[in-house]
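Just so you know, all these numbers are worked out from the coordinates, no wet-lab data involved. What you see is a predicted model; the values in this text were computed from it and never measured. Positions of Cβ are generated from backbone atoms using ideal geometry, with glycine treated the same way; all protein chains shown enter the neighbour counts.
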Amino acid sequence: MPNGRLNAVIKPSDAVSARWACLTDRELVWCLRFHQAVRQRWAVRLFAVISRLGDGVFWYVLMMVLLLTEGAAAIPVVSQMLLTGAVCLALYKWLKAKTTRPRPCARHGRILPRVAPLDEYSFPSGHTLHATAFTLVTLYSYPTLAWLLLPFATLVALSRVALGLHYPSDVLAGALLGAGLAGLALQLPFTQL
C-alpha cells in the first residue's frame, strides 16, 4: 500500500454498507412520521387487513375467480401469475438474505410492528413486489379490473410502511422489481396453453 495507509483504504462493500446505513437513517424519519400519522384504530385495522390479503389470499382468490368466470381463456394469465409469483418469491428471498436490512420496527423503539412480520428483513417489500407483478400481469389481459387492482396494490404498498415493517425504498424497490418481472412474464409464450 502506498504510504502504508491500510486503514485509509475503503473496501467497496464498506462503502455500500455506509451508503445503505445512511439511507436507512434518513428513511427512519419518514417511517416514524408515517407510522405516527396512521394512528386511528380503523386505519390500522384497514392496513392490517389489506396487508393480510396481500400475503397471497387476494391473489389466489383472483386466480380462482378468473378460472371460474373465464374458463380456459384465463389459463394463460393464471399461468403467468403463478410463474411470476414463483420468480418474485425466489428473488425477494435471495435479496433479503443478501441485504439483511433490519425492519424499521427493529431499528426504532417508537415504530411498533402493527402486524407480525413474515420474516426478519425488510429489503425489498415482497408484498409490494407481488402486488405490482400480479396487478400488471392481470391488467394486461383484463384491463377492466383496474378499478379493483390498482387501488388494492397501492394500499398494499402503503400498508407496509404504515404498519412499521418497511422503509419507502423497500416499497419502491418492490414495485420496480415487480414491474420488471411482470414485463418479462408478459414476453413469455403462454397464449397457446
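Just checking: which of the helices (runs of 4 or more DSSP H) contained wholly in region 91-193 hold 2 or more residues that are farther than 20 Å from Leu53 by Cβ?
104-107, 126-141, 168-185
For region 139-161, taking the residues that are touching a helix residue (DSSP H, G or I) at 6+ places or on another chain (Cβ under 8 Å) and of a type in the set (S, T, N, Q), the one that is farthest from Asp119 (Cα to Cα) is identified as Ser141. Among the residues of region 149-162, at least one is closer than 30 Å to Ala18 by Cβ, surrounded by fewer than 23 Cβ atoms within 10 Å (Cβ to Cβ) and in contact (Cβ under 8 Å) with a residue 24 or more places away in the chain. Entry remark, region 36-54: residues being in contact with a helix residue (DSSP H, G or I) (Cβ under 7 Å, 6 or more places away or on another chain) and assigned to a helix (DSSP H, G or I) number 4 in total.
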